[in-house]
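The values are calculated or read from the model by the stated rules, or taken from the named source; none is laboratory data. Worth saying up front: this structure is predicted, and the values here are computed from it rather than measured. Glycine gets a Cβ as well: all are built from the backbone with ideal geometry, and neighbour counts include every protein chain shown. We work out accessible area using only protein heavy atoms, side chains counted, and drop any ligands, DNA or RNA first. Shrake-Rupley method; radii C 1.70, N 1.55, O 1.52, S 1.80 Å.
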Amino acid sequence: METHLDGGIHINSIYVIGHKQPDTDSICSVIGYAELQNSEDANKGARTYIPARCGEVNPETAFALETFTVEAPVYIESVEPNVADIPFIDTRCAQKDLPTVDVAAMMDQYDMRNMPITDDQGVLLGLVSEYGLARAYVTRQRMEQLSIGPIRLDVLEQILSAQVVVAADEQLEGKVYTAIDALHVTLSRLTANDVAIVGDNEPTQLALISAGVAALIIADGAPVGDRVIKAARAQGVSVLATALDAFGVGKMIHLSLPASMVMETDIPIVSREDSLEYAKTQISTSKFRTACVTAEGGTFLGMLSRTTLMQEIQKSVVLLDHNEAAQAVDGIENADIVEIIDHHRLGVISTLRPIRFINEPVGSTSTIITTMFVARGRTPSRSTAGLLLCGILSDTLVLRMSTTTDEDRKAVTYLSGLLDIDPQDLGTRLIEKGMALEGLPIAELLSRDTKHYDLFGKTLLIGQVMVPSFAFTSQHADEIHAELAAQRRAHKVDFAITLFTSVFENASEVFAAGDELALQKLELCPQPKLLENVMSRKKDFLPHIGQLVRTL
């Protein structure tokens, strides 16, 4: 039996995910696009779109989600394929009390080299392997005293292909003796719990019964006489008759041991969250050439082999609000990018096959998603309409940014009409939440909305902070300089830059860390550098700084 590994991201699912350090537009647009695609593909047996994020939700976005009663997208640290992404794994296993002979039969029936062993609660205990069976039953140099059980009489009957002639106790557990020594020697060893194997010798059979053994196994197809049956019933001794010879009986009894007594416990274990690379390493270095997948508490979920990991496994991803690898979720180089929807400059992400790439010069990705709803004749749910509206108002600073287009204004009119709310009032409250700066550590503030750029051989980390006025930067200038220097070292970039943008003053103040001479050539000295009418990092600042970086 093969099954999907529950709890993972299913093979028929697609992540819809924005950039690192997600802003309101990034979060709201992925929720909107997932709803649109899932409604489009309803009843088609198509793939499920899952809204996701690869960063924490900021206060402004949290306000939007709370206002329209929507949960944040699922958090994903990496889209590197892991064990949970394997579409099908082998879940076959055997319980610890199952006789080893039955475990071996299952392995033969299903062509399995290894059989996981669990308890009655499904917790993994060990593994019965071909190697272990061979070592236990073929290569042993020292033969220990043969024992049996605990085993039910009917199970022993089945294993020996025998007939129960007399049934006494339902379960047997004790040592097993073959009556090949002098009779008095065998009798001196027997206890009431033991089992004796004997051939066609009625006096010996009667003597063994008289000794009070638990069971008598009559081998070689020997007849069972009436005197033996009568004596066995009187003494409470079970009698089984089998066509197997004494050696065959002994071998099969040995194979009747429960799986828990022959299993090995030094098996490699992986979890659903472990990467495929880790799982491959565990399998390749194991003598079993396999690994078992367990959940919390040791519950057995399935078994992986080298064959399982030969299949190509990737998470499928739709990227929204960015198209640069530096801004994308970790592991993107190993993911299957199926679509990109963005409103920024062209980046450097490459794909192995043609995909749909929508890049519109509008104020927000939420505008693009809203336009797609309208074009497809679908109406977003009230909660999604509210989030898309928040995404547009946030990225355009309530339609004040230089990046604002007629498409953004049309989208705001459409969405606010659906909601019957004042977009100006909603936008003002939204932006105020994003500008609640008091009490926040400078380090957290400066890292909340940052993006990496590679421009003409230079690496830049550019952040943006919305402020009610430039009084904030005046009060914290020294801390800002120190933190930007720390960011530059930590991220190993040529320049760490932050724009402090005031909506009400229609300008930005710029702080930067980098080589002093280079900063002068970039016209970023003295600091802070006041840039009038610069509100958009994407449209106003990046083209300007990019042209200056080109000259370095």
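Values for this structure:
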read-out	value
Residues of segment 300-324 classified as within 19 Å of VAL30 (Cβ to Cβ), of a type outside the set (A, V, I, L, M, F, W, C) and more than 15 Å from the chain's Cα centre (by Cα), total	4
Within segment 491-548, strands (runs of 3 or more DSSP E) holding 1 or more residues that are of a type in the set (Lys, Arg)	529-532
Residue within segment 355-370 that is touching a His at 6+ places or on another chain (Cβ under 6 Å) and surrounded by fewer than 19 Cβ atoms within 10 Å (Cβ to Cβ) present	yes
ASP342 being within 16 Å of GLY18 (Cα to Cα) and open to solvent by 40 Å² or more (accessible area, probe 1.4 Å)	no
Residue in segment 504-514 that is within 20 Å of SER364 (Cα to Cα) and open to solvent by 40 Å² or more (accessible area, probe 1.4 Å) present	yes
Segment 107-137: number of residues that are open to solvent by less than 90 Å² (accessible area, probe 1.4 Å), over 15 Å from THR290 (Cβ atoms) and at pLDDT 90 or above	5
Number of positions in segment 335-372 that are farther than 18 Å from VAL412 by Cα, in a loop (DSSP other than H, G, I, E, B) and not β-branched (Val, Ile, Thr)	9
Unmet criterion (only one of (1) open to solvent by 30 Å² or more (accessible area, probe 1.4 Å); (2) within 30 Å of LEU160 (Cα to Cα); (3) at pLDDT 90 or above) for ALA94	(1)
Cβ pairs under 9 Å, 6+ apart, first in segment 70-94 and farther than 12 Å from GLN314 by Cα, second open to solvent by 20 Å² or more (accessible area, probe 1.4 Å) and basic (Lys, Arg)	ALA72/ARG53; PRO73/ARG53; VAL74/ARG53; TYR75/ARG53; ILE76/ARG53
Hey, HIS254 in contact (Cβ under 8 Å) with a residue 24 or more places away in the chain, surrounded by 16 or more Cβ atoms within 10 Å (Cβ to Cβ), over 20 Å from ASN201 (Cβ atoms) and in contact with a His (Cβ under 8 Å, 6 or more places away or on another chain) or not	no
Sole residue being over 33 Å from the mean Cα position of the chain (by Cα) and over 28 Å from PHE500 (Cβ atoms), chosen from GLY417, GLY386	GLY417
Residue identified as over 24 Å from ALA94 (Cβ atoms), open to solvent by 20 Å² or more (accessible area, probe 1.4 Å) and in contact (Cβ under 8 Å) with a residue 40 or more places away in the chain among ALA295, ALA246	ALA246
Residue count for segment 427-470, restricted to those that are assigned to a helix (DSSP H, G or I), open to solvent by 50 Å² or more (accessible area, probe 1.4 Å) and not hydroxyl-bearing (Ser, Thr, Tyr)	4
Among the residues listed as ALA52, ALA72, ALA64, ALA34, the single one being assigned to a loop (DSSP other than H, G, I, E, B), small (Gly, Ala, Ser) and within 29 Å of LEU426 (Cα to Cα)	ALA72
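One line per residue, one yes/no per condition, for (1) more than 30 Å from ILE368 (Cα to Cα); (2) open to solvent by 10 Å² or more (accessible area, probe 1.4 Å); (3) not in a strand (DSSP E or B):
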residue: ASP266; (1), (2), (3): yes, yes, yes
residue: TYR278; (1), (2), (3): yes, yes, yes
residue: ILE283; (1), (2), (3): yes, no, yes
residue: LEU301; (1), (2), (3): yes, yes, no
residue: ILE313; (1), (2), (3): yes, yes, yes
residue: LEU319; (1), (2), (3): no, no, no
residue: ALA326; (1), (2), (3): no, yes, yes
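So that you can scan it fast, the table gives a plain yes or no per residue for (1) small (Gly, Ala, Ser); (2) without any contact (Cβ under 8 Å) to a residue 40 or more places away in the chain; (3) surrounded by 15 or more Cβ atoms within 10 Å (Cβ to Cβ):
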position	(1), (2), (3)
ALA179	yes, yes, yes
ASN193	no, yes, yes
ILE197	no, no, yes
ASN201	no, yes, no
ILE209	no, yes, yes
ALA219	yes, yes, yes
